[in-house]
Structure formats: C-alpha cells, structure tokens
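The structure under discussion appears below in the form of structure tokens.
Every read-out reported here was derived from the displayed coordinates using simple, explicitly stated rules and does not represent laboratory data. Not measured: the values here are computed from a predicted model. Note that each Cβ is placed from the backbone with ideal geometry, even for glycine, and that neighbours are counted across all protein chains shown.
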Amino acid sequence: MRTKLILMIPITFLILFFYLPLISIIHEGLWDNGFTLKYLKAVLSNSYHRGIILFTIKQALASTLLTLALGLPGAYIFAKYDFPGKSFVKAILTVPFVMPSIMVALGFILLFGKQGFFTQLIGRDLGILYSWKAILIAHAFYNFPIVVRMVSSLWQRINPHYEEVAMSLGAKGFTLFRKVTLPMLLPGIFASSMLTFIFCFLSFSIPLILGGYKYATIEVDIFTSIMTLLDFKVGSALAIIQITLSFAFMYIYIKSLDMYAKAEEQRIFRQPQKLTLKELASLKGLLIGIYSLVVFIFIISPLLAVLYDSLIFQGKFSLEWYRRVFSAKYNPIFGANTLIAIKNSLLFGFSAVLLSTTIALIIAYALHRWQFKGKNIFEALVMLPLGSSAITLGLGYIRTFHKPPLELLGTWYIIVFAHTIIAYPFVLRAVSAVLRKIKPNLKEAALSLGAKEWQAFLKVELPLSLGGIIVGAIFAFAISIAELGATYMLYQPEYTTITIAVYRFLSARQWGSASALSVILMIVSAVSFMIIERIGEEIW
C-alpha cells in the first residue's frame, strides 16, 4: 500500500500543472455570471473562426500525407539496408523534430525568401514563403523523423517467412508488398500518421511565421485573441474547441499505439543487408538516389542554410557572427545576454529532465506492473498532455498562477513546470517501451527470494530499464531547450532562453547572429540524438 502511495506524486503534479490550468480555461470560456455557451456559439457562428478551424484540420491532414510520402521510402531504406554512417545519418535526420520553430522559419527564409538560395538559383520567387505550401513543407520537415523511425522499427520486425511463403505462391513486387507487407506495416503507419496529425494540428509558430495571418490556425487565433486583442473569453472558447478536438485525436492515437505495440512485439528482428555498389548502379539505386536528393532539399538544406549563413560575413567565410552573439555591443536581448540565455536553457533543461523522468518512471511502472480499477482511464488521462498545445498551456498558466495562493507567474520554475508537462509524455513512451521488454518473472524471482517490491525494482528492474530512462531524459532535455510557445508567454527578461534569444536576434534583423545561435542549438540536439542512437532504445 505504501509503495502505491508514491503514485500520488505524479498525480498531484499533473493535477496542479496540467488539469487545473485546463479547468481554468474551460471555466473562462463557459462562465459569465453563470454557465453559458454564448462565447462558444459566437466563435462557431463567426465565419472567420469557422474558416480557421476548417483550415487547421485540412492543413494537418495535408501535412500528414506529405510527411508519409517523404517518410515511408526512408523507413524502407533504413529497415532494409545497412550502409556506412547509418546511425549518424539517422541521428541527423531526427534533429529537425526538436529544432525550435524560429530556426526552421529562418532556414526557410534563407532558402525560399526573395534573396534566398533557391530563388536566386531559379531566377524567380517560387511563392513558397507566406503561403500554405510553406506550412506543409515545414511540417513535413518537422515530422518526417517520426514516420521514418516508427515504420522502419516495425518493418525490421516483420517475419520474413510470410513474404517467403507468398513468393512461393507467385506473389512478387508490388503485389507482394500490397497483400503481405503493407497490412503488417499498417499499425506503424497509422500510429505515426496520428502522431504527425496531432503535432500539425497543434502547430503554432510555423503557421504564424511562414503562413501569416492569412493562413492562421486555431493556435494562432488563440494567441492573437489573448496577446493582441486581450479577449480572454474568445481565446478561451477557441481553446476549448481545440482541446476537444485534440483530445479526440489523442484517443485515436492511444488506441493506435496499442496495435503498434502488439505488432512490435514480434520476436524476429531482421538484420538489414549491405547496400552494394551493384545495387546502387541499378534502378533501385537510382530511385534511392532521387529520394535522397529530395530529402536533402526539403529536410537537410534548411539546416545547412542556417549553418552556411552563420559562417558568412560580408561575403567571406568568418566567425564574426559567433563573436557578435557573445558581444554586449550587438546584444538585442533586453535584461539578459547570450551567456545568461544559455545558462537558463541548461537550467530549465536539466530541471525538466529530473522532473519528467521521475514522473514518467513512476507512471510507467504503475501502468506495466500494477493492476488497479480504472487503469485504462488512468492511462488515457496521463497521456493527455501529449495532445495539449504549448500556447494553450501558457494561457492556462497565466489564468491559474497569477494570484495567491498559487502566485507563480514570473518565476523561473513555472517555465520548468511547463517544459516538464510538454516533455514527460515522450519520457513515458521511452520508459514504457523498455519496461515492456523486461520479463515479469525476473521481479517475481526477486520477490520469492525475500526482496520487497521496492527492492526488486531498484536492484532488478531499474538497472535493466536504464537505457530507456537515459533516452527519455535526453529527449526531455532536447525538447526543453528547443521549446518556444509556452516559454514566450511565461518568461521574464532575466529568464530568456536560447530560443527566445534567437527570436530577439531575428527581431533586430541580425540574421547572421540568429543563425550562429541556432547552430549552437543544432549541435546540442545532434549530439543528444547521436547518444540515443548509441544506446539503441526506441522512443517513438
């Protein structure tokens, strides 16, 4: 009984820093001297708001389809073939997922702007920036790694005997793929599609910066209503609509995860084959080459554009922008400087790691080792933060923590709590994945030898799950240092982070300094995911 009381730690944290702000938003949108639906009706009866809601769903669906089109061939290559530098390439391809949206916007401006690389190469403006096309491409840039990793992981676990039997019966080529391989891949494709759809649906900075108000999403509409128009009632009504839709999508995603987990439990792990020079010279090699070029243009080139821009000063290669980043003379960050921003990002990152890892470890253990009434409901409730947006979370914190007894607004730890809520579902996924692989009879053997439950956990299960915990912790750190939405709504000047600093440099039109600071953040993210590849645990 005492052991299970420890579950109250994460439950209390989630109630205080997720559900209480959520309730505050719902109360604001549905209460005006009594229960009312007038603000919801006002939003839904307004053609502008209805158009935004419809566009948000349409762009999320289109972004998901584009991400699948880009990601599935990559999943095939990583599942089927082995080649030099594969782990490094996989780590680099994962970096976009945790890149701050400000940096992504900067990369697209450098590539597709009026003075951008592709604009100058072709000789005319492609009309990508400030349009729905920029939103779709940027979302594909962000979520491409999800499809590659989830689907390739499942693809490697498909029993080759099924394909061999089908081939012996005459199936080959596309028929073999359509009738045998594809049905076994569907759990991974559907789960990765749902996760991508949710992230695109909740996207804020990409539509705001690359789409503009003409292509606003619900997130942008909420932000504008609250921060620009100061209309908390309409903003809260919009947030309620967004929460309702996102939680419905989250329910479907959680169900899809069950199918994905069962499919992933297949014991056969097919070793990828060496990619030979002969195959590279064939039609298959040509298609792989074309695909790699497309991926390079749309996935890697924004990162390289930022790197290149950070090294060019007055038309020559130079480290001048890096010098200016740390120079007080060129500092546009009011109330702080770059060193303080780096220190804050590290402080918030490591604090979020400590909190999110502790919370996720307790919840994961309870879900996979304990039996109790309402377990399925509990699992759905603890996963809901994955379906909440940073802007909505920031709005909830402003509403909840601005007065006693919970007057936390303006403190550094309110930012840490927000980062923890955003990051912990990913840690929970990593820890849950590794706990599923530990056979329960190991714990039972320890208990039969006289160990108490907590001793069996510390001495048997914790060491075996260390890989997943480390992966989750690294992921939480990477998400924290790249977070922008909630931080932007909650921070004070003295708590400026790297992502806020990049935004300040961009606002001051110091493109080179913004690029230099973004490269520093990119390196931290790349190193983090190279460690994940080294450990070898899956988080998706």
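So the values come out like this:
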quantity	calculated
Residues of the stretch 293-325 with amide N under 16 Å of a point placed 7 Å along Cα→Cβ from A508	320-325
Highest to lowest packing among 181-193, 370-382, 304-316, scored as the average C-beta count within 10 Å	181-193, 304-316, 370-382
Of P405, V165, I52, farthest towards positive along the dipole that unit charges on Lys, Arg, Asp, Glu beta carbons give the chain	V165
Set K86/K343; K86/K437; K179/K284; K90/K133; K80/K437; K80/K179 screened for pairs whose C-alpha atoms are more than 28 Å apart	K86/K343
Rg and Dmax of the stretch 314-450, Cα atoms only, in Å	21.6, 72
Cα centroid separation, the stretch 210-259 to the stretch 3-51 (Å)	12 Å
Most positive-pole-ward Cα, V89, V427, F313, against dipole of the chain from beta carbon charges	V89
Histogram of C-alpha separations across the stretch 38-189, 10 Å bin width, %	10, 26, 27, 21, 12, 4, 0
Cα centroid of the stretch 416-435 to Cα centroid of the stretch 375-415, whole Å	15 Å
Nearby lysines by direct alpha-carbon distance to K233 (threshold 20 angstrom, same-chain neighbours under 8 apart not counted)	K38, K41, K403
Residue-count net charge about I333 - beta-carbon cut-off 13 Å; Lys, Arg +1, Asp, Glu -1	+3
√(5λ) per eigenvalue of the Cα gyration tensor, the stretch 172-266, largest first, Å	38, 16, 8
Check: the stretch 90-167 dipole with +1 on Lys, Arg Cβ and -1 on Asp, Glu Cβ, in debye	240 debye
Cα centre as origin, Lys/Arg/Asp/Glu Cβ charges: the chain dipole, Debye	680 debye
Formal net charge of residues neighbouring I500 (Cβ-Cβ distance under 12 Å; K, R +1; D, E -1)	-1
Cα-based Rg and Dmax for the chain, where Dmax is the largest Cα-Cα distance (Å)	24.0, 76
The stretch 107-250: C-alpha pair distances exceeding 21 Å, %	62 percent
Ranked packing of 163-172, 128-137, most packed first, by mean Cβ within 10 Å	128-137, 163-172
HN-Hα J in Hz across the stretch 138-153 - Karplus 6.51, -1.76, 1.60, θ = phi - 60°, x for Gly and Pro	5, 5, 5, 4, 5, 9, 3, x, 4, 5, 4, 6, 5, 6, 5, 4
Dipole in debye (nearest 20) - the stretch 195-316, about Cα centre, beta carbon charges: Lys, Arg +1; Asp, Glu -1	520 debye
Theoretical ellipticity at 222 nm over the chain - DSSP helices of four or more residues, -39500 (n - 2.57) apiece, nearest 500	-21500 deg cm²/dmol
